Amino acid sequence: MLLEHIAPLLDKSPFFKELNRLEPGTQIHNLNQSARALLAAYYWQESQKSVILVSQDDIIAEELWEDLIALVGRNNAFYLPDYETLPYEERSPHYSIRATRLNSLIKSLDEKPAIYSLSIRSFMRLMPSKELLSKNVFTLKKGDSFEPDKLITKLFNMGYDVEYQATTVYQCAKRGGIVDLFSPANEDPVRLEFWGDEISSIRAYSAATQRSISGEINEILVVPAREIALDDIDSGSVIIAKVRDHGFFEGIENYFSLLTDQLCSFADYFPASERILLFSNYNYIKEEMLSVYEQTVNQYQKELKTEIKGKIPEPDRIVLDEAAFSRIRRQSRSYFLSQSEFIFPERKNSLRAPFTPQPPFEADIPLLSESIIASENDHILLFDNNSQAKRMREIIDKAAEYSPHIGVIHQGFTITDVGLSIWTDHEIFNRYKRRKYSSRFAPGETIIDYDDLKPGDYVVHVDHGVGVFEGLKIIKLDGQDVECLIIRYANEDRVYVPTFQLSLVTKYVAEEGVAPTLNRIGSVKWQNTKKRVAQQIELIAADLVRLYAERSARPGISHKPDTGWQRDMEESFIYEDTPDQARASAEIKQNMERPSPMERLLCGDVGFGKTEVAIRAAFKAVNSGYQAAILAPTTLLAEQHYRVFKERLAQYPVHIAMLSRFRSKEMLKKDIADIKSGRVDIAIGTHRLLSKDISFPRLGLLVVDEEHRFGVRHKDRLRKLQSNVDTLYMSATPIPRTLNMALTKLKEISLMQTSPKERLPIRTIITPRDMQVIKDAIQRETDRGGQVFFVHNRVQTIDTIANELMREMPDISFAVGHAQMPEKALETVMKAFVNKEFQVLISTTIIENGIDIPNANTILIDRADNFGLAQLYQMRGRVGRSNRRAYAYLLIPKGTTAVARKRLEALTQYDYLGAGFQVALRDLELRGAGTILGTKQSGIIQAIGFNYYNRMLKRAIEAAESGEAFDIEHEDDPTMRRNIRSEIDLYFPEGYIDDDEERLRSYRRLAELSDLPEIADFEMELEDRFGALPENARWLMMYFKVDILAKQHELKTCTVKNNNLILEYYPDKMPPKEKILKLSSKISEPLSFDASRGLRVIVQLDKDLEPIYQFERTIEILSAI
């Protein structure tokens, strides 16, 4: 912790000694933002009181919190975010905001002083008292008695959502004698196992896999999910009926004063004598405070027109008014911190701090060395990680003495009265300071299963064709109880498919707005369709295999293994790699080291780190002596890539050039010459890179970002450029044709489906175009210090829209940007938006790619019905690129068609992170599957569905690779399928897995397992999640074990019935004589053979064996041979 490191020097500072003697009300100026965090930390350490640091907005408050973590550690610094809702709005804050707030509020319950960073909006909020909150914080210990149902009820009253499984904070679940709950007081969700009413076991589990991840835990802390519990609401409340009907209704936080009389501000959580208030830029804070109160009063007047007066709280019962705010400030020991000196009535004295800002070194390491050597100051250089610190030691002058420290603040400074310089690595290299510390209540999410079936979904059965899935049902089948899928066909006929035959069923995915025709049971039409499709697929497969062979035979470039520089550069990444990011990077680098040309698709959602993976690949090419070209579809995206590549590789001798229309003719001329001569290592640009006047003497890697944005002419030029060059395609939503190629192995694919931990899903709202909705959305974002994109894709009317918004919201700053503007004017607008010089950017779709502005977290898309799904997804991805909740409003006119609405609703379905790959799959369904190798395939796919088409294509390719004919009739012949016959029931009891979707998912997973260890692992998972396996579930496991062994032995039929085990082989796959002899030697039971039809081996099992033990013996016999 930095404060601990510098404390001895601060003790010698006359200025810091003076701080403890200052009269409350003193203004301390000449402090940059991080210096204000240092003063807050110092006051906390010296006074042993809690310090409340108040800022103008949540953006600044969060940045100060990050600085405080670097100074005093995460256990001593807390952040209290605002709700991010408007006064009286019927919307509650996202669970991650609630969790972060409650984590800070719970901390304030103990006696240990801490530092709290918050905005003036958060400071003004009135909330239930400390006493009410503390009633709902409790511990659960192993051995405690607590009836499971009563625990779930208590959690529900505290605001937890009761779900089938707990995956996010503030969820709980009960399955039999197991209760899962995710309290933010714990790093991971926890699983409580009960024996009756006694807690017999407590263990943590993974939210992603739902499996236990550690040993036993003795006790856990449970904290509330809301700032008030349902049990604490006054029974006489005027809105008690609404609470009884709806529980925690949306926007309940605005109605606390109607639910309880026990209200207070956050400052009131601490006795006046035990708190210190610090105001960062008080002039701005007071201005914002008056604005918040005025906004609340205005909204109250509007609400009175539609609500009864007593049923909405008055403004001063939602937020502090000016008098209440002043009273709290006067009762506290308060100071005003700022950069400039301000004159305002509340200040009593003024003190100039002996601080100077960090010099702008602009990555000039010799200048940094000279500055350190020439100065007599003590120098501390701050780094994000050890790798950055190590690299600085390598490149800086050996005579420059400094102390490295891991942990970075936003702005460096020098304290002149003690000669202490604290400088940051990111400012030395002029890099953007990335957010490192964030709420841990937004864990990285992984992609959900696109093939999950719901009643009403169309499906394809390989024998019967297209039908409708209606649900699950247990029926008698040959004397056994078996759970089956019910599939409805034409003429209301139904087929019952045993769940152990799930591999015969795929979800139907085809074209938008066209419902498939249901097949008739027993009709030859389906068989004819399959035969026709198989013939066409066989031709395609042959073409694919030929192309793949040609590509593999081409001589490529074999890049060198990773160098020390490569490892150092990768380790210097300030974020922790997601597992998918690390895997994708490794796959790409392994490909690059092979002698054949790489052609790989990197599919990762916006903000998931694709650019970092591309940087690593490009750096590898440069380290191997080759050039890399990075091709982007827009100037803005190229500019962004250029900036990020320059930042990441600033410490290495890599020459990076950028070619776009924003560059002057002189700069372009020089860069083109340097590319031709080989002086440029990495060239980044738009299609300008594909011009005939540009040639690369030693091109080793081509990275194509958003390939689908390039036209046919550009792609033809690309093909010539990449004949033997490693090529990496990057996309969040690859077009269907590209996706088809990836799925069928023409291109190899790397999927990045796990989000960085701090990212939150984007809340997507489809709404009719309404000026009040637009104004509220803009106001909500600007209130929290953020910025807004407003997309209007008609240049002819964009100025009219801008003028209308300016008239409606005169206090908000707007600017317009579109591709028909002069280049310099557009560049000026974009840079001003990046620098937060205005609040709302009204633009065309030029922002679709490449704008990375973490402060912009609301986007409104006008006439969203006119855009394709992938395009909407890309535009939505411009927001939500930080750890803040983001909003996307899809504005549509009244009367929008059902087809367009369906497309938009698909986007709300995929609002979780990592959905880009899913959106591309959904695009296949909505827009048809496009073409493969230029051959129209949509008719084929319409006939059999994309999933079955893809499965068939995969099998056809395997046949073509082995030189065999693709015979679909033989492949799908029901008489040739392996058959396991038994007399045991086969299903998961509904009381064991009572959610139909989860049960079906478990059947699907079971059907996909390929060996006995996998089944044993799955059994352990089931016991962990649902409790001990009931008898029926154990039988089901046995069945699949026998099925796997039968497959390994190439058996046609395995019958376990009437105390007999009968093993039947395919006539054309007879076992060798040695195997039969081995079988005879391993079996102690009576044994006979029947060779009249192929070969049948009959084992007479002990007549006293129960069916379950007959199965156990069968497994022993099959395992032995």
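Matching residues to (1) part of a strand (DSSP E or B); (2) on the phi > 0 side of the Ramachandran plot; (3) within 29 Å of the chain's Cα centre (by Cα):
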{"position": "Met806", "(1), (2), (3)": "no, no, no"}
{"position": "Ile812", "(1), (2), (3)": "no, no, no"}
{"position": "Lys824", "(1), (2), (3)": "no, no, no"}
{"position": "Ile842", "(1), (2), (3)": "yes, no, yes"}
{"position": "Asp852", "(1), (2), (3)": "no, no, yes"}
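For Glu990, the criteria (1) surrounded by fewer than 14 Cβ atoms within 10 Å (Cβ to Cβ); (2) modelled with pLDDT of 85 or more; (3) not in a loop (DSSP other than H, G, I, E, B) hold in every case but one, which is (3).
Among the residues making up region 1069-1085, those that are surrounded by fewer than 10 Cβ atoms within 10 Å (Cβ to Cβ) and assigned to a loop (DSSP other than H, G, I, E, B) are Pro1072, Ser1084. Here Ser92 meets the list (1) closer than 21 Å to Phe182 by Cα; (2) of a type in the set (S, T, N, Q); (3) in contact (Cβ under 8 Å) with a residue 40 or more places away in the chain; (4) in contact with a strand residue (DSSP E or B) (Cβ under 9 Å, 6 or more places away or on another chain) almost entirely, failing just condition (4).
Considering each of Leu151, Leu140 in turn, give the residue that is over 21 Å from Phe78 (Cα atoms), assigned to a strand (DSSP E or B) and not charged (D, E, K, R). Before the answer, list the steps.
Values: Leu151 fails: assigned to a strand (DSSP E or B).
After ruling out the rest, the residue left standing is Leu140.
Filtering region 539-556 for residues that are among the aromatic types (Phe, Trp, Tyr), part of a helix (DSSP H, G or I) and in contact with a helix residue (DSSP H, G or I) (Cβ under 8 Å, 6 or more places away or on another chain) leaves an empty set.
Residues of region 340-356 that are of a type outside the set (Gly, Ala, Ser) and modelled with pLDDT of 95 or more: Leu351, Arg352, Pro354, Phe355, Thr356.
Residues that are among the small types (Gly, Ala, Ser), on the phi < 0 side of the Ramachandran plot and more than 31 Å from the chain's Cα centre (by Cα) within region 647-702 comprise Ala657, Ser660, Ser664, Ala673, Ser677, Ser691, Ser695, Gly700, listed in sequence order.
For region 590-634, filtered to residues that are farther than 15 Å from Glu707 by Cβ and of a type in the set (Asp, Glu), the residue that is surrounded by the most Cβ atoms within 10 Å (Cβ to Cβ) is Asp605. So, Thr306, is that one modelled with pLDDT of 95 or more and either closer than 25 Å to Gln411 by Cα or out of contact with any Gly (no Cβ under 9 Å at 6 or more places or on another chain) (or both) or not? No, not satisfied.
His687 meets the conditions (1) modelled with pLDDT of 90 or more; (2) surrounded by fewer than 21 Cβ atoms within 10 Å (Cβ to Cβ) in every case but one. The failed one is (1).
For region 451-503, filtering for residues that are part of a strand (DSSP E or B), under 19 Å from Ala1033 (Cα atoms) and either modelled with pLDDT under 90 or in contact with a Leu (Cβ under 9 Å, 6 or more places away or on another chain) (or both) leaves 11. Among the residues of region 890-900, those that are more than 23 Å from Arg878 (Cβ to Cβ) and modelled with pLDDT under 75 comprise Thr897, Ala898, Val899.
When Ala1046, Ala1033 are checked against the criterion of being in contact with a strand residue (DSSP E or B) (Cβ under 6 Å, 6 or more places away or on another chain), among the small types (Gly, Ala, Ser) and touching a residue at least 40 places away in the same chain (Cβ under 8 Å), Ala1046 stands alone in meeting it.
Among residues of region 1050-1064 being touching a Phe, Trp or Tyr at 6+ places or on another chain (Cβ under 8 Å) and not basic (Lys, Arg), the one that is nearest to Gly1094 (Cα to Cα) is Leu1051. Of all residues in region 362-415, those that are in contact (Cβ under 8 Å) with a residue 40 or more places away in the chain, part of a loop (DSSP other than H, G, I, E, B) and over 21 Å from Phe573 (Cα atoms) total 3. Filtered by the rule that a residue be aliphatic (A, V, I, L, M) and either surrounded by fewer than 15 Cβ atoms within 10 Å (Cβ to Cβ) or more than 28 Å from Leu132 (Cα to Cα) (or both), region 218-237 gives a lone residue, Leu221.
A single entry from Arg532, Arg554, Arg520 fulfils the requirement of being closer than 23 Å to Ile749 by Cα and either touching a residue at least 24 places away in the same chain (Cβ under 8 Å) or surrounded by fewer than 18 Cβ atoms within 10 Å (Cβ to Cβ) (or both): Arg554. Counting the residues of region 48-78 that are without any contact (Cβ under 8 Å) to a residue 40 or more places away in the chain and out of contact with any helix residue (DSSP H, G or I) (no Cβ under 6 Å at 6 or more places or on another chain) gives 2. Please determine whether any residue of region 320-337 is under 25 Å from Ser13 (Cβ atoms), touching a His at 6+ places or on another chain (Cβ under 9 Å) and in a loop (DSSP other than H, G, I, E, B). So far as region 320-337 goes, no, none of its residues is under 25 Å from Ser13 (Cβ atoms), touching a His at 6+ places or on another chain (Cβ under 9 Å) and in a loop (DSSP other than H, G, I, E, B). Checked against the criterion of being crowded, with 23+ Cβ neighbours inside 10 Å, modelled with pLDDT under 95 and more than 24 Å from Ile52 (Cα to Cα), region 150-158 has no qualifying residue. None of Asp1043, Asp1104 is under 27 Å from Leu986 (Cβ atoms), in the same structural domain as Ser1010 (by TED's automatic domain parsing) and over 53 Å from the mean Cα position of the chain (by Cα) except Asp1104. If a residue must be part of a helix (DSSP H, G or I) and touching a residue at least 60 places away in the same chain (Cβ under 8 Å), how many such residues does region 854-868 contain? Residues flagged as part of a helix (DSSP H, G or I) and touching a residue at least 60 places away in the same chain (Cβ under 8 Å) within region 854-868 amount to 2.
Taking each residue of region 1088-1116 that is surrounded by 14 or more Cβ atoms within 10 Å (Cβ to Cβ) and looking for partners that are among the hydroxyl-bearing types (Ser, Thr, Tyr) with beta-carbon atoms closer than 6 Å, six or more apart or interchain, yields Gly1094/Tyr1065; Leu1095/Tyr1065; Ile1098/Ser1088. Report yes if Tyr548 is outside the structural domain of Arg1004 (by TED's automatic domain parsing), at pLDDT below 85, of a type in the set (Phe, Trp, Tyr) and surrounded by 14 or more Cβ atoms within 10 Å (Cβ to Cβ), otherwise no. Against the criterion (outside the structural domain of Arg1004 (by TED's automatic domain parsing), at pLDDT below 85, of a type in the set (Phe, Trp, Tyr) and surrounded by 14 or more Cβ atoms within 10 Å (Cβ to Cβ)), Tyr548 qualifies. Filter region 584-615 for residues that are over 26 Å from Tyr548 (Cβ atoms) and either part of a helix (DSSP H, G or I) or of a type outside the set (A, V, I, L, M) (or both) and give the result. Answer for region 584-615, where residues must be over 26 Å from Tyr548 (Cβ atoms) and either part of a helix (DSSP H, G or I) or of a type outside the set (A, V, I, L, M) (or both): Asp605, Gly607, Phe608, Gly609, Thr611, Glu612, Ile615. For region 782-804, a residue qualifies if it is in contact (Cβ under 8 Å) with a residue 12 or more places away in the chain, not in a strand (DSSP E or B) and not charged (D, E, K, R), and the qualifying residues are Thr782, Gly785, Gly786, His792, Asn793, Val795, Ile798, Ile801, Ala802. All of Val169, Val162 fail the test of being closer than 25 Å to Pro989 by Cα and of a type in the set (Val, Ile, Thr), apart from Val162.
The values are calculated or read from the model by the stated rules, or taken from the named source; none is laboratory data. Everything numeric here is computed off the predicted structure, so don't read it as measured data. No Cβ is skipped: glycine too gets one built from the backbone with ideal geometry, and neighbour counts run over all protein chains shown.
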